[in-house]
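The values are calculated or read from the model by the stated rules, or taken from the named source; none is laboratory data. Remember, predicted model here, so these are calculated numbers, not experimental data. Counting neighbours? That spans all protein chains shown, and the Cβs are built from the backbone with ideal geometry, glycine included.
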Amino acid sequence: MRIVNPSFGREAPSTEQVAATVVDWRQDPIVLFSNSKPNAKELLEGVRDRMGAFRATDNIDYIQKDTSAQPAPSAMVDELATRYRAALLAIAD
């Protein structure tokens, strides 16, 4: 999984195979990842509900890190990267 911050964005390196990184938003497994701040869960649940208009949501899961005060553990990030093709992150208050 390639993690991209959409506020900055980045182009794929020329040596990277772009086809291998394309996400099929209509069927690939997606994780909705919360930073554990208030309202992040509600925001992500709303996103999942809206996505239900164009895709099945049975492989869209909600996960949150333990605390908003600390980054997600590396092991958690590694596990999510192996289980999902995309992650939507919420930062809310």
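Residue-by-condition table, conditions (1) of a type outside the set (A, V, I, L, M, F, W, C); (2) in contact (Cβ under 8 Å) with a residue 12 or more places away in the chain; (3) touching a Pro at 6+ places or on another chain (Cβ under 6 Å):
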site: D49; (1), (2), (3): yes, no, no
site: A56; (1), (2), (3): no, yes, no
site: I60; (1), (2), (3): no, yes, no
site: D66; (1), (2), (3): yes, yes, no
site: P73; (1), (2), (3): yes, no, no
site: E79; (1), (2), (3): yes, no, no
site: R83; (1), (2), (3): yes, yes, no
site: L89; (1), (2), (3): no, yes, no
Of the criteria (1) hydrophobic (A, V, I, L, M, F, W, C); (2) at pLDDT below 90; (3) surrounded by fewer than 12 Cβ atoms within 10 Å (Cβ to Cβ), which one A56 fails | (2)
Selection over region 59-90 where residues are surrounded by 14 or more Cβ atoms within 10 Å (Cβ to Cβ) and of a type in the set (V, I, T) yields a count of 3
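Table: residues versus (1) surrounded by 14 or more Cβ atoms within 10 Å (Cβ to Cβ); (2) modelled with pLDDT of 85 or more; (3) under 14 Å from L88 (Cα atoms); (4) not hydrophobic (A, V, I, L, M, F, W, C).
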{"site": "T21", "(1), (2), (3), (4)": "no, no, no, yes"}
{"site": "W25", "(1), (2), (3), (4)": "no, yes, yes, no"}
{"site": "L32", "(1), (2), (3), (4)": "yes, yes, yes, no"}
{"site": "K41", "(1), (2), (3), (4)": "yes, yes, yes, yes"}
